[in-house]
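Reading through the structure tokens given below for one structure.
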Amino acid sequence: MELYDTEKTRKLEKKLISLGYSSTSLILKAGNAIYEEVVKLKKSNMFIVIGKGNNGADGLSLALLSAINNLTVTCVLLDKIEKQNIDVYNLIKSLNIKTYKTLPKINRINKDIVIIDSILGIGLNRSPAGKYQKAIKWINSYKRKGAYVVSIDVPSGLFIDTGVGSKDTVLANKTIMCLTPKQGCFTGDGIKYSGTLIYKNLGFTNIKKYGTGSSKLIDIKNKVSLRSNNNTYKGNFGKVLILGGWDGMQGAGNLAGLAALKTGAGKVFICNNSKQKKPDDLISIRSDIASFKKCLKIADVVVAGPGLGKNASEHLEMLWNYRIPVVYDADALNWLSSSTYKKRPSYFIGTPHYGEAKKLLKEDFKDRFNAICKLKNCYGGDWILKGPGTLVLTKKLYINDFSNNILSTSGTGDVLAGIVAGLLAQKKGKQIEIAVKIHSLCAEDIYLKKKATLTASEMLENISKVIYNLKNN
């Protein structure tokens, strides 16, 4: 599914208007779509906090439809009614809908009350202040007391281009996105503030026909064709070399190696200085530079970094200039951040979390979209920026719609690095977004079994099952 930022949404709206769809018709379509979702909540008492612009107009349209259908509606008007909305407003007045120009006190909060956030939409370009900030605080205060909150298009205070929330942002139970799905709702702070996301296309079933988006949700339907040929042997599925698991951290290297095997790689070698016995499925090689170089000649892809520590600089320097695809993770990313290297000559994938990305960029950041673009511009390659609403940047920008702190545990990143390498080894193209989706589906399967936590080893056991389900749809 295409996702849209402010510029792309406005461009699409202009395209529709040029084709004969008036702004009023689009607003009425939005009001009707929002009404259809709100009535499903079975709340009989509705408070709509209305700002200006299209977002406010959507709120007025919702108020009109709700009142016509005998719901109890109260409108809080934060701004003077704009000229294009006068007709709708006059109809609202004719229905004797309660309207306030100041924020009222709700005497009793019960399960029948829903507050609609129709304050600020996609045009937000600075943090809310004054009456808008006060209204956001008012909404959040009643949510804490038990009111159900629905935001129209985007929670007021959230920047849809970046997914960054303002100091005061509406904390919605549900966000109903109209016409275009808004990219900032799917990552970063957007996950926290948006609640359950509902997308209403307003009858435009193929919305990208009118304008392409700024990013995409990861969708891997009909893309997973791993091990589809039965007339094969293990040499057909590629060889992965793991450079990791050094100095007492052998578990991290093992997790990456086993994940690559579970994803379908034919052979996995592991290079580390541990004297502990490796899993029988992994082929151990010595850690000296000569043995490492010899294995590089037969490998198809390398994973560098899981549990590597700081004592493999010679290996990493050789690898940077060696013509082989590499997945850089964990300690290999830390090495890169402290080096002077830029733009690796051969293909690679970086898989940082927030802390590692901050080191690589040598600056703090909130805008995850900008950060991943900077990583690609600075170092080349493709990137996976892990976190809530993981971002993937190849030739296109993807967002993974899974976000759950169940993944915030040691070893899960090593598993992801192994899955990425397992796919690359099979030479099915550079669709690293597939690896991210497989990884999150492994976690989601565990979560749906009503488990609040997981271990990386549990995720390993799910990889084969997830791939089987994806292959067989």
Note, residue 34: beta-carbon cut-off 14 Å, +1 each Lys/Arg, -1 each Asp/Glu, net 0
Amide H neighbours of residue 48 at under 5 Å, excluding residues fewer than 5 places away on the same chain, with H built from the backbone geometry, are 74, 75, 76, 116
Dividing the helical contributions, -39500 (n - 2.57) per DSSP H run of n ≥ 4, by the residues of the chain yields a 222 nm value, nearest 500 deg cm²/dmol, of -12000 deg cm²/dmol
Net charge near residue 309 (other residues with Cβ under 12 Å of its Cβ; Lys, Arg +1; Asp, Glu -1) is -1
Between the alpha carbon centres of the stretch 1-22 and the stretch 264-282 the gap in Å comes to 52
Taking a ≥ b ≥ c as the square roots of the Cα gyration tensor eigenvalues, with a/c under 1.5 meaning rounded and otherwise prolate when a/b beats b/c or oblate if not, the stretch 276-398 comes out prolate
Non-local residues with an amide H under 5 Å from the amide H of residue 397, with H modelled 1.01 Å from N and Pro and chain starts lacking one, are 216
Checked against a 26 Å limit on the C-alpha separation, the offending pairs among 278/310; 343/395; 80/200; 131/216 are 80/200; 131/216
Taking Lys and Arg as +1 and Asp and Glu as -1, residues besides residue 179 with C-beta under 15 Å from its C-beta add up to +2
For the chain, the dipole about the Cα centre with charges only on Cβ (Lys and Arg +1, Asp and Glu -1), to the nearest 20 debye, works out at 400
In order over the stretch 45-58: 3J(HN,Hα) from phi, Karplus 6.51/-1.76/1.60, θ = phi - 60°, whole Hz, x for each Gly or Pro, gives 10, 10, 10, 10, 9, 10, x, 10, x, 5, 5, x, 5, 4
So, relative contact order of the stretch 237-327 in percent, Cα under 8 Å, 6 or more apart, is 35
Taking the alpha-carbon centre of each part, the distance from the stretch 367-419 to the stretch 151-200 in Å is 20
Options (i) 4, 14, 14, 9, 6, 5, 5, 4, 5, 6, 7, 7, 7, 5, 3, 1, 0; (ii) 4, 20, 30, 26, 14, 5, 1, 0; (iii) 4, 19, 25, 20, 15, 10, 5, 1, 0 for P(r) over Cα pairs in 10 Å bins from 0, in percent; the value derived from the coordinates is listed as (iii)
Pseudo-spin-label distance residue 404 to residue 290, built 7 Å along Cα→Cβ, given in nm, is 5.0
Taking 0.36 nm per residue of separation between residue 126 and residue 313 and subtracting their Cα-Cα distance, the length gained on full extension comes to 62.9 nm
Spelling it out for residue 380: with amide H atoms placed in the peptide plane at 1.01 Å from N, the residues 5 or more places away or on another chain with amide H under 5 Å from its amide H are 343
In this structure, among 11/358; 52/93; 209/374, pairs with alpha-carbon gaps over 23 Å are 11/358; 209/374
Calc'd 3J(HN,Hα), the stretch 420-427, phi into Karplus 6.51 cos²θ - 1.76 cosθ + 1.60 (θ = phi - 60°), Hz, glycine/Pro = x, comes to 4, 5, x, 6, 4, 4, 7, 6
Check: in the stretch 412-454 the Lys pairs 8 or more apart or on separate chains whose Cα atoms fall under 24 Å apart number 5
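Rule-based calculations on the coordinates, nothing more; no lab input. Being a predicted model, the structure only gives us computed values, none of them experimental. Ideal geometry is used to build each Cβ from the backbone, glycine not excepted, and the neighbour counts take in all protein chains shown.
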